[in-house]
Amino acid sequence: MDDGRAQGPLAPVPDAGAAPLLSLRDITKTYTRGEVAVDVLRGVSLDIWAGEFVAIVGASGSGKTTLLNLIGCLDRPTNGSYRVGGVEAASLDADGRADLRRATFGFIFQQYNLLGTATAAENVEVPAVYAGMARRDRLARAEALLTQLGLDERSDHRPSQLSGGQQQRVSVARALMNGGQIILADEPTGALDSKSGAEVMALIRDLNRQGHTIILITHDAQVARAADRVIEIKDGEIVSDTGARKMPAAAPASPWSRPAGAKSSAPSMPSTGHAAWWMPLAETAWLALNALRVNFMRTLLTLLGIMIGVASVVTMLAVGNGAKQQVIERIQAMGTNLLLIRTGAPNQRFAGGFRATLVPADADAIAELPNVRHVVPEFPFQVTARFGTNDHQTQLDGTTPNYVLAREWPLAEGIFFDDEDMRAYAPVVVLGDTVAKALFTRGEDPLGQYILVNNNPFQVIGVLYPKGANDSGQDMDDMMFTPLTTGRLRSFGQRFVRTITVAVDDMARIDETQEAVRQLLIRRHGVEDFQIRNMAQVMETADETQDTLTVMLGSIAAIALLVGGIGVMNIMLVSVTERTREIGIRMATGARRLDILLQFATEALVVCAVGGGIGILLGVGAAFGFAAFGKPILISTGPMVMAFGCAFLTGLIFGYLPARRAADLDPVAALGSE
């Protein structure tokens, strides 16, 4: 007589002494709500053999869903023993239970629990992702499963584009993805109309005929009649059990999990084996990119802070290093192997004029010291130069022929005056580039021309190569040079000099030479009425100052990056909250804590890496913007690598907390979230 149950192969009763597939002994489950302990399961003992179709029935709150969660290793009993294929599941940690779920169980939920942002095929693939199956293989199997279940034309549709019955079929395909030796169905028809519900139950009965062990939770007696065995639970205790029905042979192996090459109309289950080391990382990165793509606006907001931080680092360091380079170049243009001697006591300033203390004989005496290459006395004097109708205010520097040698300043054209010009008081002049351009505005050749310097005629014999500004920002090309003797006779009428420049041979001994010069001048003058400026020390001081400025700018930019990192953490925490059900679904399909941790940490890393890359481009663009306004910049790979590395590290640090929070979620609680 037909009782409405499946008429396929009956659930097997093994020979005496054979172990059941699932064995529960004295299982209890107690939840603590505040200070109140609630006993949900009270000493449940139960055996289920391979190939059975078991329905667990009971009123709402009877404990049947909690029992199914324990059977599916989504939860752990408070006390008791639970063995799956001889393995003590109750003692496994979270990852051990995840491995067991992935390899043994397939879940069919009342509310389908599909990922809303994924297609049908991508939803079916999820368990195989965590099993390490190659992407091509799992995609082929997912398509084959959907085709077998009549959804071949709907594989690229999202859940919102599918009917309830179609969504449940996708859920069935997902349960079969890794083989689905044991199918756990929690009210599989509860959200369906009667026709769709009948179709799903027919599919579940067919899976049982093909060898799958089915455990179904329902409160509908009509649905329960389809099972071979009905277990009723009430107030956390089993009150009735129809028991297993005897059958002559063991249940057949499911064709859904036959190895490749076996003849079957059902899709074969490729062997997952052990994935290459890079496959989990590649899959995690793919999942992260897909999640970020789906939530584009949230991703954009997350990127914004990192982009601003990295762009700030690149821009500020480019500007800071550019300023540093400019200062160093100016000092180098003056010469770094020089000692500059000026009149006046150390650290003393004068209200006006200058105190005449240095004479050309001092220069001659300094020239006799060791490690001295050139000695150049100078007397710069403000003058007015005129050529034709062009007047120009500039400085005339009376000096010696060694000037261009000490300053390492080449000529663009012509010659510099020599010792003969010095002895002859020759009225000759060498122009700086700025002066030459100011006086000769019509393209005339300056060489051989006569100009008036304070109404005294001088012949131009040379033009110096452009040198730019010095460390004080003064234009070094806005000067003219004449023999010191000529200058004293025709212009300033002084026998003193304002400065003496000393070029040394060995830079390593410049401090020693400086002290020797100091002692010599003190002996000659009887008092220290001069100042010595060591250009090597100036260079070092400028370098240190600019380094400090660069560190300060970098620190400000780093703070911006830190703020961006905090933004990443906050948005990722929101993301975890919004995607709690997704996390539960992934855990139910076999994701370990490490898988969840890697997925969310990788999302943060990807966000920061993408934001870092865009930030570098923005930073370089901003730096060139400063350059367009005449600001010196220096763009190098070092700051960009540092900024990108900081962004990546920011993602690692600030993404860990949200990822850890996601990984620590309880699967049952996560699945029950809204």
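Projected label points at A134 and M642, each 7 Å from Cα along the beta carbon direction, are separated by 4.5 nanometres. Between the amide H of T499 and those of E378, distances stay under 5 Å, these residues lying 5 or more places away or on another chain, with hydrogens modeled in the peptide plane. Solvent-free Debye calculation, one equal scatterer per alpha-carbon of the range 22-270: log10 I(q)/I(0) at 0.07, 0.10 Å⁻¹ equals -0.23, -0.48. Shown for D99, D595: other C-beta atoms within 10 Å of each C-beta, ranked fewest to most, produce the order D99, D595.
Relative to the current alpha-carbon distance between I556 and E512, full extension at 0.36 nm per residue lengthens the span by 11.8 nm.
Listed values for the range 133-142 are Karplus-derived 3J(HN,Hα) couplings in whole Hz (6.51 cos²θ - 1.76 cosθ + 1.60, θ = phi - 60°), namely 6, 4, 4, 4, 5, 6, 5, 4, 5, 4, and x replaces Gly and Pro. Distances between placed amide hydrogens fall under 5 Å for L216 paired with V54, A55, I56, A185, all partners being 5 or more residues away or on another chain. Which residue, T501, P370, F481, has the largest displacement toward the positive end of the dipole of the range 356-528 when charges sit on each Cβ (Lys, Arg +1; Asp, Glu -1)? My answer, from the dipole projection, is F481. Between R373 and R533, the contour length at 0.36 nm per residue exceeds the alpha carbon distance by 55.9 nm.
Other residues with beta-carbon under 15 Å from the beta-carbon of A59 carry, at +1 per Lys or Arg and -1 per Asp or Glu, a net charge of -3.
Restriction of the GluC sites (Glu not before Pro) in the range 29-91 to DSSP coil positions whose beta-carbon has at most 11 other beta-carbons within 10 angstrom yields E35. Per residue, the convex hull spanned by the Cα atoms of the range 356-528 measures out at 120 cubic angstrom.
Bear in mind that the values in this text are calculations on the coordinates, not laboratory data. Just so it is clear, the structure is predicted and the values come from calculations on it, not from any experiment. Here the Cβ is made from the backbone with ideal geometry for all residues, glycine too, and neighbour counts use every protein chain on show.
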